[in-house]
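Note sheet for the following structure.
What follows is calculated from the coordinates using simple rules that are stated; it is not laboratory data. Just so we're clear, the structure is a prediction, and the values are computed from it rather than from any experiment. When we count neighbours, we look across all protein chains shown, and the Cβ atoms used for this are built from the backbone with ideal geometry, even at glycine.
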Amino acid sequence: MATITEREQQNREAAIRIAERLWNKREYELVDEEYDPLVEMHTFSDPDIVGTKAVKEFVQRYHEAFSDFHVELFDVQAVDDRVFARYRMTGTHDGPLESPQGDVPPTHRKMDMWGLVEARYEGGLCVEEWNATDQMTLMHQLGLAPE
């Protein structure tokens, strides 16, 4: 089994804190503690998200759209300056979901889908993050795309 360095362990723990405290407990101030002020976040659903204010707004949009939003991490691995994980997102779409393509009114349907995250750290802060979620599955589950 490979040995994990102290820095890798710290980065791994930071990624877990972000999932548990920011996404699940809605502790938005955590963004200022765990992300670089000029962080870049890349997702399939939005143009690049730059800066801590934009990260908070991105997370809040999902919390407003899914009042019972929950994320669970699996297989969290830290290698050099990067952390990799699979995640499962669940929630009920009971609020408007803002998107660059236009707002989606509440469907009151359940979301349950998987994603992958890769985060890059410098000096103990996340400086870049890539999130890949199955947007087509989400659209099917919300009744917005044909089966």
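General remarks:
- Flag: Glu57 does not match the condition of being more than 13 Å from the chain's Cα centre (by Cα) and under 23 Å from Pro96 (Cα atoms).
- Subset of the range 138-147 [in contact (Cβ under 8 Å) with a residue 24 or more places away in the chain and surrounded by 15 or more Cβ atoms within 10 Å (Cβ to Cβ)]: Leu138, Gln141, Leu142
- Evaluation of Arg88 against (1) within 18 Å of Ala132 (Cα to Cα); (2) in contact (Cβ under 8 Å) with a residue 40 or more places away in the chain; (3) not hydrophobic (A, V, I, L, M, F, W, C) (one fails), failing number: (2)
- Only one entry of Asp68, Asp46 meets the criterion of being in contact with a strand residue (DSSP E or B) (Cβ under 6 Å, 6 or more places away or on another chain) and in a loop (DSSP other than H, G, I, E, B), and that entry is Asp68.
- Every residue from the range 14-50 that is free of Cβ contacts under 8 Å to residues at least 24 places away in the same chain and in contact with a Phe, Trp or Tyr (Cβ under 9 Å, 6 or more places away or on another chain): Ile49
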